[in-house]
Amino acid sequence: MADGSRQSGPAMRSVVRETYGPADLGKETIFAGGFINFGYWRAIDLAVPLGVPERVRSQEDLYRHVLDSAGPLGDLNVLEVGCGLGMGCALALSEYGPAAVTGMDIHPQQLQRARGAHAGTLRREPGRLRFVRGAAERMPFEDGEFGTVVSVEAAQHFPDLTAFAAETARVLRPGGRVAVASFFTVDDGPGRPGELAGLLDTYANGLDIARPVTALTEAFTAAGLTGARAESIGRHVWPGWDLWLGREWAAGTWPRNFLRAYEQRILDYYLVTADRPARRD
């Protein structure tokens with residue numbers, strides 16, 4: 001781990017502190033199984049009633065899609081930025097066979113919950129799983145410490161994508177890859193933030209930050225990563241998420257506006273990947 005100067009990062013925004021602390025978003029019934037993401041519903045039949053098993057599967061499958069895109073993980077050290085309750089870290093460890101997984105989160109209460117949820121694994125395999133506090137813009141790790149960096153539905157909260165990209169490039173080893181899944185505006189139209197604030201409470205209160213997906217691909221490129229690419233996966237996210245929300249939220253209520261924003265070509269869900277060039281001998 002890097003020196004203590006990297007332990008202090010940007011201050012946690014108050015809306016993030018409340019949402020993932022006292023409010024404990026992970027306890028909401030729309031997030032089942034300890035995950036906190038919208039889900040990747042490609043393998044799930046949306047024509048039949050959805051239950052908790054299908055919901056959990058959707059959230060696991062979002063992680064699987066990201067981890068598959070990150071490439072073979074065997075013998076690599078993997079970092080998840082914005083790990084939340086650590087369920088994705090545990091899935092990566094059990095299904096992908098990396099050397100070790102580090103979950104990093106800015107919120108100490110989330111890390112406390114993650115350590116409690118995975119106490120058995122931390123006890124049995126102390127060298128393969130750990131949870132560390134840190135900010136996406138200032139990571140407390142050595143240069144080149146990880147072969148893979150992933151982030152699942154957290155980048156919409158990061159205040160500074162340029163700093164996140166620079167830190168990702170720094171902690172990746174040569175030949176390493178980053179894979180990020182999150183939602184972004186489809187373009188850089190100046191009216192997009194206002195449109196989203198009018199549709200979705202999480203944009204109105206500042207929890208989610210409206211930025212085009214190109215802000216992240218361009219930041220990765222500027223940080224020295226290559227092959228930065230954004231793939232829209234919204235067709236496998238928004239319809240299933242809206243159906244699941246329909247169990248608890250009526251049509252016309254603000255959470256159902258995620259699908260509306262997608263259909264109006266304001267917002268979409270993306271998988272973004274990039275690579276750190278390998279060293280030349």
*Out of all the residues in segment 196-209, which are in contact (Cβ under 8 Å) with a residue 40 or more places away in the chain and within 18 Å of residue 186 (Cα to Cα)?*
196, 199, 200, 208, 209
*asked:* If residue 221 satisfies all but one of (1) in contact (Cβ under 8 Å) with a residue 60 or more places away in the chain; (2) open to solvent by 40 Å² or more (accessible area, probe 1.4 Å); (3) among the polar types (S, T, N, Q); (4) within 30 Å of residue 98 (Cα to Cα), what's the number of the condition it fails?
replied: (1)
_Given (1) of a type in the set (Gly, Ala, Ser); (2) free of Cβ contacts under 8 Å to residues at least 40 places away in the same chain; (3) over 22 Å from residue 258 (Cβ atoms), identify the lone condition not met by residue 176._
(2)
_Checking residue 85 against (1) closer than 25 Å to residue 243 by Cβ; (2) assigned to a helix (DSSP H, G or I); (3) aliphatic (A, V, I, L, M): exactly one of these is not met. Which one?_
(2)
*asked:* Six or more apart or on different chains, Cβ atoms under 8 Å: show the pairs whose first residue is in segment 252-269 and open to solvent by 40 Å² or more (accessible area, probe 1.4 Å) and whose second is β-branched (Val, Ile, Thr) and assigned to a loop (DSSP other than H, G, I, E, B).
replied: 265/186
_Take residue 73 and tell me if it is surrounded by fewer than 24 Cβ atoms within 10 Å (Cβ to Cβ) and either within 19 Å of the chain's Cα centre (by Cα) or among the basic types (Lys, Arg) (or both)._
yes
*Scan (1) surrounded by fewer than 16 Cβ atoms within 10 Å (Cβ to Cβ); (2) free of Cβ contacts under 8 Å to residues at least 40 places away in the same chain; (3) of a type in the set (A, V, I, L, M) for the single condition residue 100 breaks and write down its number.*
(1)
*Considering each of 201, 188 in turn, give the residue that is touching a helix residue (DSSP H, G or I) at 6+ places or on another chain (Cβ under 9 Å), modelled with pLDDT of 95 or more, more than 26 Å from residue 35 (Cα to Cα) and open to solvent by 20 Å² or more (accessible area, probe 1.4 Å).*
188
*Quickly run through segment 162-185 and pick out the residues that are open to solvent by less than 10 Å² (accessible area, probe 1.4 Å) and within 29 Å of residue 200 (Cα to Cα).*
164, 165, 178, 179, 180, 181, 182, 183, 184, 185
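Let's see how each residue does on (1) assigned to a loop (DSSP other than H, G, I, E, B); (2) among the small types (Gly, Ala, Ser); (3) touching a strand residue (DSSP E or B) at 6+ places or on another chain (Cβ under 9 Å):
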site: 90; (1), (2), (3): no, yes, yes
site: 102; (1), (2), (3): no, no, yes
site: 111; (1), (2), (3): no, no, yes
site: 116; (1), (2), (3): no, yes, no
*asked:* When the residues of segment 224-262 are narrowed to those that are of a type in the set (Ser, Thr, Tyr) and closer than 30 Å to residue 275 by Cβ, which ends up farthest from the chain's Cα centre (by Cα)?
replied: 226
*How do the pairs read when you match residues in segment 10-34 that are part of a helix (DSSP H, G or I) with residues anywhere that are surrounded by fewer than 16 Cβ atoms within 10 Å (Cβ to Cβ) and modelled with pLDDT of 95 or more, using Cβ under 6 Å and keeping only pairs 6 or more apart or on different chains?*
15/205; 15/206
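The values are calculated or read from the model by the stated rules, or taken from the named source; none is laboratory data. Just so you know, these numbers come straight off a predicted model, no measurement behind them. No Cβ is skipped: glycine too gets one built from the backbone with ideal geometry, and neighbour counts run over all protein chains shown. Please note that ligands, DNA and RNA were not included when accessible areas were found on the heavy atoms of the full protein model with its side chains. Shrake-Rupley method; radii C 1.70, N 1.55, O 1.52, S 1.80 Å.
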